[in-house]
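The values are calculated or read from the model by the stated rules, or taken from the named source; none is laboratory data. These numbers were taken from a predicted model, which means no experiment stands behind them. All Cβ positions, glycine included, derive from the backbone under ideal geometry; neighbour counts span all protein chains shown. For the accessible areas, the whole protein counts, side chains as well, though only heavy atoms, and no ligand, DNA or RNA atoms are used. Shrake-Rupley method; radii C 1.70, N 1.55, O 1.52, S 1.80 Å.
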Amino acid sequence: MPRRRTANPQPRPCELCKVLSLVRYRIQVDRTDQWVLACPRCQKQQSATNPHYRYGGTWKAR
């Protein structure tokens, strides 16, 4: 079944900084296998500075 798009996409909070964002990235930031959804700013910061960073996909509000 295809996803239904809503008329007004709702931003969701970044799991690292809590800022609302329409686009979030699924990333790992430590040695555990836990994934977090991060805003573009946190994703960029983690990818540049965190040796445990791992990208897992992009989530967009629909």
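Assorted remarks:
- Residues located in region 16-35, provided they are touching a Lys or Arg at 6+ places or on another chain (Cβ under 8 Å) and open to solvent by 70 Å² or more (accessible area, probe 1.4 Å): 19, 20, 22, 35
- For region 17-31, the condition of being in contact (Cβ under 8 Å) with a residue 24 or more places away in the chain, out of contact with any Gly (no Cβ under 8 Å at 6 or more places or on another chain) and aromatic (Phe, Trp, Tyr) holds for none of the residues.
- A search for C-beta distances below 9 Å between a residue of region 36-54 that is surrounded by 15 or more Cβ atoms within 10 Å (Cβ to Cβ) and aromatic (Phe, Trp, Tyr) and any residue that is modelled with pLDDT of 95 or more and not in a strand (DSSP E or B), counting only pairs 6+ apart in sequence or on different chains, returns 53/29; 53/43; 53/46; 53/47.
- Flag if residue 61 is touching an Asp or Glu at 6+ places or on another chain (Cβ under 7 Å), hydrophobic (A, V, I, L, M, F, W, C) and touching a residue at least 24 places away in the same chain (Cβ under 8 Å): no
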